[in-house]
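Remarks on the structure that follows.
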Amino acid sequence: MARAIRANDIAYMMEYGTSKQAATPWLRPAFLSRAEEAIQTTQTELLSRIDRIVKKLAAQNARK
């Protein structure tokens, strides 16, 4: 029984190619062109969410 082809399978085949089709990279070039911005956004969001969690836990512990 053959398995169904999913969207991520198609994305992988486009990015890296197959034995019958040459690669047509789209994700790597898009990421590399904006990598610094993506990393900076991830870092900013992560730190913000960590601060929010720390404040929430501190408030919970202060009530105890």
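Observations on the model:
- Sequence of SER48, SER19 when ordered by accessible area, the most exposed leading, probe 1.4 angstrom: SER19, SER48
- Over the chain: helical MRE at 222 nm, DSSP H runs n ≥ 4 each giving -39500 (n - 2.57), nearest 500: -23500 deg cm²/dmol
- P(r) of the chain over all Cα-Cα pairs, binned every 5 Å from zero, in whole percent: 4, 14, 11, 12, 11, 10, 10, 9, 8, 6, 4, 2, 1
- Magnitude of the charge dipole for the chain, about its Cα centre and with charges confined to Cβ atoms of Lys, Arg (+1) and Asp, Glu (-1), is about 500 debye.
- Measuring with a 1.4 angstrom probe and ignoring ligands and nucleic acids, ILE10 comes out at about 80 Å² accessible.
- For the chain, with +1 on Lys and Arg beta carbons and -1 on Asp and Glu, the positive-most of ASN8, THR44, VAL54 along the dipole: VAL54
- Potential lengthening between ALA62 and PHE31 on full extension [0.36 nm per residue; Cα-Cα distance subtracted]: 6.8 nm
- Loop-located chymotrypsin sites (Phe, Trp or Tyr not before Pro) in the chain whose Cβ has at most 16 other Cβ within 10 Å (DSSP): TRP26
The values are calculated or read from the model by the stated rules, or taken from the named source; none is laboratory data. Predicted model only: the values in this text are computed from it and were never measured. Neighbour counts run over all protein chains shown; Cβ positions are idealised from the backbone, glycine included. Only protein heavy atoms, including side chains, enter the accessible area calculation; ligands, DNA and RNA are left aside. Shrake-Rupley method; radii C 1.70, N 1.55, O 1.52, S 1.80 Å.
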